[in-house]
Amino acid sequence: MTSKMDEVFKKVLNDRDIFDSLWGRGWGKPIPKLFEEDEWKKLGKLFREGKKGELENEIKNKINKIENNKLKERAEWLKYALNEKPNLLKNLFENLEWYGLVKCNLPNMNNYGRVIERYDISIVEQYFVDNIKRERNNPRGKALEKVLEYVKELYSAGVPSEEIAYFVRKLNSLTKYWEIIESPKK
């Protein structure tokens with residue numbers, strides 16, 4: 001059984017309003033995802049079934065089609081993780097719906113965490129709403145709206161405000177989640 005925090009963590013990771021492909025949505029030419037949802041699910045299935053050879057072939061085939069060096073590097077990381085970091089790779093397959101280069105649409109969240117720690121939910125909501133209004137015409141506004149909904153969900157589930165505050169403060173650093181299996185430099 002997963003906790004409410006784990007459930008919300010997974011939702012946040014896969015929320016395209018919060019985390020999206022690098023350069024996506026009006027930031028210029030988007031860099032394609034390394035593995036779209038259907039491809040990523042297929043890889044996860046091969047991994048769970050222990051079909052390491054097939055999985056490695058799928059990754060190799062993708063590498064041959066990639067032009068972006070950073071995406072190639074990420075694909076190499078996946079190959080490396082098959083043998084060297086299988087538990088981390090398992091974690092990625094369980095929590096991510098796609099894989100590639102990612103950006104976070106949130107501002108620095110430290111002040112949001114402080115407000116959550118120190119005040120009740122009505123003040124927290126007002127703080128978010130005020131900042132959402134300022135960010136209305138860019139991806140940050142939508143991302144903040146989504147975070148507010150997740151915060152309210154956690155409050156409703158009885159998660160202590162200290163835990164919620166810590167979680168919110170760390171949201172920006174979750175972009176590193178996609179890099180968790182980084183292989184050593186050659």
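The values are calculated or read from the model by the stated rules, or taken from the named source; none is laboratory data. Only a predicted model underlies this, so the values are computations on that prediction, with no experimental measurement involved. As a convention, Cβ positions derive from the backbone with ideal geometry for all residues, glycine included, and neighbour counts pool all protein chains shown. Please note that ligands, DNA and RNA were not included when accessible areas were found on the heavy atoms of the full protein model with its side chains. Shrake-Rupley method; radii C 1.70, N 1.55, O 1.52, S 1.80 Å.
Structure data summary
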| quantity | calculated |
| --- | --- |
| Accessible surface of region 83-186, 1.4 Å probe, proportion on carbon and sulfur as whole % | 46 percent |
| Per residue value of the accessible surface for the chain (all protein chains in place, 1.4 Å probe), Å² | 57 Å² |
| Proximal lysines to residue 142, defined as alpha-carbon separation beneath 26 angstrom and excluding residues fewer than eight positions away on the same chain | 4, 10, 11, 29, 33, 103, 133, 152, 170, 176 |
| Nearest-0.05 FRET efficiency for residue 57 and residue 7, computed from C-beta distance (R0 45 Å) | 0.85 |
| Cα-based reach from residue 62 at 13 Å (exclusive), listing aspartates and glutamates while leaving out same-chain residues under 8 positions away | 36, 39, 54, 73, 76 |
| Inter-site label distance for residue 39 and residue 157 at 7 Å from Cα along Cβ, in nm | 3.1 nm |
| The chain: most fluctuating residue of 173, 21, 161 per GNM, C-alpha cutoff 10 Å | 173 |
| Positive dipole terminus of the chain, leading residue within 55, 9, 167 (C-beta point charges) | 55 |
| Computed helical MRE - 222 nm, the chain, DSSP H runs ≥ 4 contributing -39500 (n - 2.57), nearest 500 | -19000 deg cm²/dmol |
| Rounded Å value of the spacing that divides the Cα centres of region 87-132 and region 163-179 | 6 Å |
| Prolate/oblate/rounded call for the chain, Cα gyration tensor, a/c under 1.5 rounded | prolate |
| Globularity ratio of region 1-104, using Cα Rg and 2.2 N^0.38 Å | 1.10 |
| Extension gain, residue 14 back to residue 183 (0.36 nm per residue minus Cα-Cα distance, nm) | 58.5 nm |
| Angle between the chain longest axis and helix 52-65 axis [Cα atoms, degrees, rounded to 10] | 80 degrees |
| With Cα atoms, 0 to 90° folded angle of helix 139-156 axis to the chain main axis | 70 degrees |
| Cα-based shape type of region 124-186, given that a ≥ b ≥ c are square roots of the gyration tensor eigenvalues and the cut on a/c is 1.5 | oblate |
| Nearest 10 degrees, 0 to 90: helix 69-84 Cα axis against the chain principal axis | 80 degrees |
| Alpha-carbon Debye profile of region 87-155, log10 I(q)/I(0) at 0.17, 0.24 Å⁻¹ | -0.72, -1.03 |
